[in-house]
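Here's the structure, in structure tokens; my notes come after.
The values are calculated or read from the model by the stated rules, or taken from the named source; none is laboratory data. Computed from a predicted model, the values in this text were never measured in an experiment. All Cβ positions, glycine included, derive from the backbone under ideal geometry; neighbour counts span all protein chains shown. Heavy atoms of the whole protein, side chains included, go into the accessibility calculation; ligands, DNA and RNA do not. Shrake-Rupley method; radii C 1.70, N 1.55, O 1.52, S 1.80 Å.
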Amino acid sequence: MTIKETFFKYMSSDTVLTVLRDTTLKFSNTLDFNDPFDYNPAFSTIGLSKFIKRVGEHNEVKINRKKAMRNCKVLTTDEFRREASSEFSVTCFSKSPHIVPMWAHYADCHSGCVLGFANASEDELNNMLDSSQWLWDHDCDYLIPHDVKYTDSRPNIFNSEGLTNVRENGFDACVIKAKAWEYEQEVRVIKLKPAGIYPFNLSQLRSIRFGLNIDPLQRKKIIEMVTSIRKLNSMKIRLFDVKMDHKKFKFNDVQC
């Protein structure tokens, strides 16, 4: 049974060739993304008193609130945010391969491609949880996507209890974006490692779609590489040309 593709990555044709050759993807620090609010929780007084009290008790000192307020603002600086986010990295996908602005912004003005991926199977994930790679590093080569939540409410640095490392201002802050970005239909894969190039499990790759303006030579190179991958790995990767619909503002797939 073929597992349906559920998340998609827009990229240039040159990047596609590198991804297929090396079976790797780039994971980035969120500060290097194009949204300045990415992983940038709001500085709020909510929970601040409890935060100051907790820090003071931990260090066995009494902290002056006004001085603490001034010092706490360091938490909003790029230097602090980069340090706080240095031990994890993110690679981004979308839930659809047919979003017109995404083709323009991330697939080289329609001259690139979209790679389609399927979720790892239950058996694959169970085997991964028993692997030494997961047991030692809490890391794996499977791509496990998390939905981005779109809201007009920024997460806060502190929660109501003055905690800074709970889900709503830790992990959730990495998958919360303003509603203005909702058109991207984004999902994210998060790796507990610094930004870098990391391998992914090739079994999850299900399709490649060619943009309207792709260079014919690049298209030929990609098809040749996919043909080789299919034979070497006994796997199916579908190929499509993306075409404009004649009546509506949408794209259609034409299988190659």
Residues within segment 231-256 that are exposed (fewer than 11 other Cβ atoms within 10 Å of the Cβ) and closer than 19 Å to LEU17 by Cβ, tallied: 2
Hits in segment 203-225 - residues which are open to solvent by less than 50 Å² (accessible area, probe 1.4 Å) and modelled with pLDDT of 95 or more: GLN204, LEU205, ARG206, SER207, ILE208, ARG209, PHE210, GLY211, ILE214, GLN218, ILE222, ILE223
Test for SER207: is it within 25 Å of the chain's Cα centre (by Cα), in a helix (DSSP H, G or I) and not hydrophobic (A, V, I, L, M, F, W, C): no
Index of the failed condition, SER228 passing every other in (1) at pLDDT 95 or above; (2) touching a strand residue (DSSP E or B) at 6+ places or on another chain (Cβ under 9 Å); (3) open to solvent by 20 Å² or more (accessible area, probe 1.4 Å): (2)
Subset of segment 6-44 (residues that are modelled with pLDDT under 95 and in contact with a helix residue (DSSP H, G or I) (Cβ under 8 Å, 6 or more places away or on another chain)): ASN29, THR30, LEU31, ASP35, ASP38, TYR39, ASN40, PRO41, PHE43
